[in-house]
Amino acid sequence: KITEAEKAVHVSFFFNGKKSDLLPNEERIVIPTRKDVKLFDEAPEMSIEEITRATLAKIKDPSCNFTVVNFPNVDVVGHVENEPAVIRAIQAVDQHAGILIDEALKEKLTVIVTADHGTVEKWLYPDGGVDTGHTDSPVPFILLHPNATLTLKPQGELTDIAPTILDIIGLPIPTSMTGASLIEQNRNSFAPVQRLLLMILDGWGLCENTKGNLIACAETPVMDGLMKNYPSSRLAASGVAVGLPPQTVGNSEAGHLHMGAGRRIYSDRLNIDQSIASRDFYRNQVFTDIMSLAKQNGSALHIMGIVSFFSSHGSIEHLFALMRMAKQQGIPRLFIHGMLGRRGEQAESGARYIQQVEEKCLSLQLGQVVSVIGRYWSMDREDNWDRIEKTYRMLVYGEGNTISAE
C-alpha cells in the first residue's frame, strides 16, 4: 500500500477493517507530506512524484502481486478555496495515473481505477458560493483486464470492490461480504490474474453537470480515455451505501473502510445516533462514571470536540446529548470547548453553530462555551506540533484571544 502521509490512515487502518497491525506479507510505503508549505494549495502536486516512483518500483517487482496506491491530491487540495490550485491537482493525478497505467500494462498487470468519494465535481453551493467539502456523487470504477470481452454492471457500491478483486484473482468471496462482483460474466469464463494494481484517486467524483465541476474544467486526457475505452461502473460512495445516514456526503474513512470490507458497516456517527434514539447513550458506563466523579468532587465537566451539523469526526447533536445527560446527572458546572471548521462549511457556519450551543446552554440552564478553535489547529494529523501546541496551550493554560461575554 502506497500513499502520502495525509492518507496513510485511510489505506491502512480503515482499508484493513480498522486494524492497525500489518496483515501477513503486507508492506506500507508512506511518503512524507511536504513541510515547506502552510496549505496544500501552495504545492497542489504534493508528493505525487515520490508516490509514483514508489509505485513504479512495485509494478516492476514480480514478487508484488497486489498493489494499492492512493493519490490524495484532489481531495486534499479540494478542501482549499483555490480553483487554479485544484485544477493543477486534478491534472497532476490524471497525468500520474497515466504513467502508472502505462507501466502496469507493459508488465502485464490488471488495473482497477476508482475513488473513495467525490469532492470537486460539485464545487459550488446552489447560491454560487464555493463548497470545499465532500459530495454525495458516485465515483468511477474502471477495469483494465487482459480479457477485453469482460463487461461490468453499470452501477454498484464501494462494497462491490473487494468481491470484484477476489473474483479477478480467483479467490473465494467470503459469505460475510454482502457486496457482489461487478463483472457480469461468470468466473469460469475468464482466467484469474496473477498481479493487480488498485488505484484510488481520492476525491474523484462523477457529475454530469459541468457547472461548478472542476474535474470537467480540467484537462484529463487519461481519465477521459479510460472512461471511453474500458468497461466502467458508477459506484455509490455516500449515505447508506457506506454506512452513513441517508443523504449525507461520503468521506475517506467510510470510503476506504467499505472498499476493503466488501460489506456495509455502520459508521460511528450512525451508531451514536441510534444509541441516542434508543437512550442507551445515557446509560454509557464511561459517561456515567465520569459525571458521577465530577458531581462527587464538585468539579467542572469539560466537553471538547468538533462542532458541526455533520462531520466524519462528530455532530453537534452528540454534544447536545452529552449536555442533556450532564443536566440529568446534576453536573454543577459544564465547560464546552468547540473545534470549528468541517471541511466545506460556509464561512459563517461556525458562528451559527456556537450560537446554537449557547442557546442550548440557556435552555438547559447549564453550560458555557469557554474556548473556540479551528480544526486546522486542533485536528492536525501530519505531526505539525506547532498547531497542536496552540490547541494544548489554549486548553491547559487558557492562552488565546479573550472575548468578553455580552
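The values are calculated or read from the model by the stated rules, or taken from the named source; none is laboratory data. These figures come from a predicted structure and were not determined experimentally. Reconstructed Cβ throughout: ideal geometry from the backbone, glycine too, with neighbour counts over all protein chains shown.
Look at the range 60-72 and say how many of its residues are in contact with a Phe, Trp or Tyr (Cβ under 8 Å, 6 or more places away or on another chain) and of a type outside the set (A, V, I, L, M).
Step one: of the range 60-72, the residues in contact with a Phe, Trp or Tyr (Cβ under 8 Å, 6 or more places away or on another chain) are 68.
Add one more test, that the residue is of a type outside the set (A, V, I, L, M), and what stays is none.
Qualifying residue count for the region: 0.
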Could you give me the residue pairs with C-beta distances under 6 Å whose first residue belongs to the range 260-288 and is farther than 30 Å from Ile112 by Cα, whose second residue is of a type in the set (A, V, I, L, M, F, W, C) wherever it lies, and which are 6+ apart or on separate chains? Ser275/Phe281; Ile276/Ala321; Phe281/Ala321; Tyr282/Met325
Of Asp102, Asp94, Asp116, which residue is free of Cβ contacts under 8 Å to residues at least 40 places away in the same chain and not β-branched (Val, Ile, Thr)? Asp102
Taking the range 105-134 as the search range and keeping residues that are at pLDDT 95 or above and among the hydroxyl-bearing types (Ser, Thr, Tyr), which one is farthest from Asn209 (Cα to Cα)? Thr110
Going by what's in this entry, would Gly400 be described as touching a Pro at 6+ places or on another chain (Cβ under 7 Å), modelled with pLDDT of 85 or more and over 24 Å from Ile272 (Cα atoms)? no
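Here is a check on your reading of the model: is Ile161 part of a helix (DSSP H, G or I), at pLDDT 95 or above, under 27 Å from Glu208 (Cβ atoms) and not polar (S, T, N, Q)?
Details: part of a helix (DSSP H, G or I): yes; at pLDDT 95 or above: yes; under 27 Å from Glu208 (Cβ atoms): yes; not polar (S, T, N, Q): yes.
The answer is yes for Ile161.
Each row is one residue, and each column tells you yes or no for (1) surrounded by 23 or more Cβ atoms within 10 Å (Cβ to Cβ); (2) in a helix (DSSP H, G or I); (3) touching a Pro at 6+ places or on another chain (Cβ under 9 Å).
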| residue | (1), (2), (3) |
| --- | --- |
| Val77 | yes, yes, yes |
| Glu81 | no, no, no |
| Val86 | yes, yes, yes |
| His117 | yes, no, no |
| Asp127 | no, no, no |
| Thr132 | no, no, no |
| Asp136 | no, no, no |
| Asn147 | no, no, no |
Looking at the range 291-312, which of its residues are surrounded by 17 or more Cβ atoms within 10 Å (Cβ to Cβ) and either modelled with pLDDT under 90 or in a helix (DSSP H, G or I) (or both)? Met291, Ala294, Gly305, Ile306, Val307, Ser308, Phe310, Ser311, Ser312
Every residue in the range 266-321 that is under 15 Å from Glu253 (Cβ atoms) and of a type in the set (Asp, Glu), please. Asp268
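Taking Ser252 as the residue in question, decide whether it is hydroxyl-bearing (Ser, Thr, Tyr) and either more than 19 Å from the chain's Cα centre (by Cα) or within 23 Å of Val77 (Cα to Cα) (or both). Talk me through it step by step, then tell me what you get.
Details: hydroxyl-bearing (Ser, Thr, Tyr): yes; either more than 19 Å from the chain's Cα centre (by Cα) or within 23 Å of Val77 (Cα to Cα) (or both): yes.
Here the answer is yes, as Ser252 does meet what is asked.
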Being part of a loop (DSSP other than H, G, I, E, B) and more than 22 Å from Arg264 (Cα to Cα) is the filter here; which residues of the range 176-192 pass it? Gln185, Asn186, Phe190, Ala191, Pro192
Could you figure out which of (1) in contact with a Ser or Thr (Cβ under 6 Å, 6 or more places away or on another chain); (2) part of a helix (DSSP H, G or I) isn't true of Asn70? (2)
Those residues of the range 21-75 which are modelled with pLDDT under 95 and basic (Lys, Arg) amount to Arg34, Lys35, Lys38
